[in-house]
Every structure is written in structure tokens, then in C-alpha cells.
Amino acid sequence: MSISEVIQNAITWFAWGGLGLAGITLISFITNWGIKFRLTGATIFTLLLSASCWAFEKSYTPPVVIEGYKYAPIVYDNGSDLVVAQAEDNFPQEAIEPTLQQIASNLKGGGRNGVVVTVRLRRLENVASGISKPVILGEVLRDTKSGITIKKTQENLNSNQNLIDESKNETGLNIHDTEKSI
């Protein structure tokens, strides 16, 4: 059972439980039971749980999974325009692009305010004893506003915004299209 199904079931159970408790609470006030205020609290809490589950269900989006992806932890995210993931020493070449695509696709807009985010995959290479240098394995650009991801190559390393604009013109994508990969 997926998280979406669990939440949907929880909404139903909490809503019916809250309505049932509301009925019992109403009866307790009419008959002047001693537990009427406890029932009031339980009823409100149950209905609040139902509303919270409903709000979570509406806002939840499952992560994108791309075939060929290999786990690479994010080691740096400035919260704006740069995300860096760390690859293992024996990271397979064929997993670089799917890994970058998955990391870029799972970026949330948040405080990025529609900027173009550079997503890098790097590996640390030992230069001398205790000294290492980062080696960039691959890079993609993610336009968080339109949802477009573009692979960076050596020819277009310096022109982020021009690359995004050219990509939109070539593919004919509308700025409101989301989750498009090029």
C-alpha cells in the first residue's frame, strides 16, 4: 500500500470517527454526562487530524524516479542556483546522466524564485597525501520556473540563460509545461 493510499484511508477513517464522536458529544451535552468536555476535545482533535491528512494528500508529490539512477548524496546546496552531489570513486559512467536528471527533477522551487539551477555531479580525486581536488563528472541546468532540464556540454558551459532560452525556442515548449526533459 502506497503512502497516498494510506493517507486517503486515514482521511476517511478520521472523518467518520470525528462525525461519530460529534454525535456522541451532542448526546453527552443533551444528557449532561460528565465526560462531555473530554468528548469535545477528542472530537475536535479527530476532525483536525482528518483535515491535516487531507491537506497533506493535496500537497504531497512523490519523488521522480529515473531508471539507471545511482544514489549520490547532495553535499552542497546554496538554496538558490547551485546543487552539488558527491559520486563514489567507482561511479559508473552510464549512471551519470540519469543521476543528474533525477536530482534535478526532484528539486523543489521553494526559495529559488524561478532561477536556473546548476546541478553538478562530482568525484574527489586524490592529488597527494591528504589533498584532493573535485572532478566534475557531469552537469545539468534546471529551470525551476518552467520545469525544463538541459544537459550542459563543453560548448555551452558559460551561457546558462541563453541555453534555456534556445531550448524553449527549439522545442516549442510553453513556459507553463512542467517536468519536461531535453
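The values are calculated or read from the model by the stated rules, or taken from the named source; none is laboratory data. Computed from a predicted structure; not experimentally measured. Cβ sites come from the backbone with ideal geometry, for glycine too, and all protein chains shown count toward neighbours.
Just give me the residues in the stretch 72-130 being in contact with a Pro (Cβ under 6 Å, 6 or more places away or on another chain) and under 20 Å from PRO62 (Cα atoms), in sequence order.
ASN106
Among the residues of the stretch 115-122, is any polar (S, T, N, Q), modelled with pLDDT of 80 or more and farther than 30 Å from ILE3 by Cβ?
Yes, the conditions are met somewhere in the stretch 115-122.
Within the stretch 24-38, does at least one residue satisfy the condition of being over 30 Å from GLY138 (Cβ atoms) and in contact with a Gly (Cβ under 7 Å, 6 or more places away or on another chain)?
No: the stretch 24-38 contains no residue that is over 30 Å from GLY138 (Cβ atoms) and in contact with a Gly (Cβ under 7 Å, 6 or more places away or on another chain).
I need every pair where a residue in the stretch 133-153 that is at positive phi and at pLDDT below 90 has its Cβ under 8 Å from the Cβ of a residue that is acidic (Asp, Glu) and surrounded by fewer than 16 Cβ atoms within 10 Å (Cβ to Cβ), sequence separation at least 6 or different chains.
Sorted first by the residue in the stretch 133-153, then by its partner, the pairs are GLY147/ASP177; GLY147/GLU179.
So, in the stretch 1-51, of the ones that are surrounded by fewer than 15 Cβ atoms within 10 Å (Cβ to Cβ) and of a type in the set (Phe, Trp, Tyr), which residue ends up nearest to PRO63 (Cα to Cα)?
TRP13
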